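Undergrad: Okay, handing you the structure first.
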Amino acid sequence: MTASGDVTIAGGPGYRVRWRIENKSGPDAHVETVVFRSPHDQRQLLTLFSSVDVADDAPPTTDLDRLRDGIVVTAPGRESGDHKSV
């Protein structure tokens with residue numbers, strides 16, 4: 001594991017785990033899982049899975065943070081601009 005702990009996602013609390021995996025048939029990767037409660041139904045847990053390859057031409061791992069930070073709350077069933085609704 002390369003990182004874990006509390007994070008803010010969609011304006012609320014969440015928890016993330018990031019680790020590096022070794023891939024025998026391709027590039028290694030940094031993968032991250034973030035779990036958080038739905039802002040529309042606190043009984044529901046949502047999970048965000050994301051990854052970036054470990055390669056010279058791959059995006060930096062900071063893009064995982066940027067992706068998580070870009071998740072915003074919108075009205076149920078609606079999208080807001082370039083942001084993914086949760």
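The values are calculated or read from the model by the stated rules, or taken from the named source; none is laboratory data. Treat the numbers as computed from the prediction; the structure is a model and nothing was measured. Every residue, glycine as well, gets a Cβ built from its backbone with ideal geometry; the counts of neighbours run over all protein chains shown. These accessible areas exclude ligands, DNA and RNA; they are computed on the full protein's heavy atoms, side chains included. Shrake-Rupley method; radii C 1.70, N 1.55, O 1.52, S 1.80 Å.
Undergrad: Can you give me the solvent accessible area of H40 with a 1.4 Å probe, rounded to the nearest 10 Å²?
TA: 90
Undergrad: Residue-wise, which Karplus ³J(HN,Hα) couplings in Hz belong to region 31-37, taking 6.51 cos²θ - 1.76 cosθ + 1.60, θ = phi - 60°, and x for glycine or proline?
TA: Those phi angles translate into 10, 9, 10, 10, 10, 8, 7 Hz.
Undergrad: Counting Lys and Arg as +1 and Asp and Glu as -1, each charge on the Cβ, what is the dipole of the chain about the Cα centre in debye, to the nearest 20?
TA: Working: 10 positive and 13 negative charges, 92 e Å.
That gives a dipole near 440 debye.
Undergrad: When the accessible area of the chain is computed with all protein chains present and a 1.4 Å probe, what percentage of it is carbon and sulfur? Working shown, then result.
TA: Working: 2850 of 5880 Å².
That fraction is 49 percent.
Undergrad: Which of the peptides 43-50, 10-17 is most tightly packed, and how do the rest follow, judged by the mean count of other Cβ atoms within 10 Å per residue?
TA: Ranking, from highest mean packing down: 10-17, 43-50.
Undergrad: Roughly how many Å² is the accessible area per residue of the chain, as a whole number, for a 1.4 Å probe?
TA: Numbers: 5880 Å² over 86 residues.
Result: 68 Å² of accessible area for each residue.
Undergrad: Evaluate the relative contact order of the chain (contact order divided by residue number), counting alpha-carbon pairs under 8 angstrom at least 6 apart; express in whole percent.
TA: After rounding, I find 22 percent.
Undergrad: Now for a separate question. Kindly identify the chain as rounded, prolate or oblate by the Cα gyration tensor criterion: order the square roots of the eigenvalues as a ≥ b ≥ c, call it rounded if a/c is under 1.5, otherwise compare a/b with b/c, prolate if a/b is larger, else oblate.
TA: Prolate.
Undergrad: While we're here: Find which of Y15, G26, T62 sits farthest along the positive direction of the dipole of the chain, computed with +1 on the beta-carbon of Lys and Arg, -1 on that of Asp and Glu, about the Cα centre.
TA: Of the options given, the answer is Y15.
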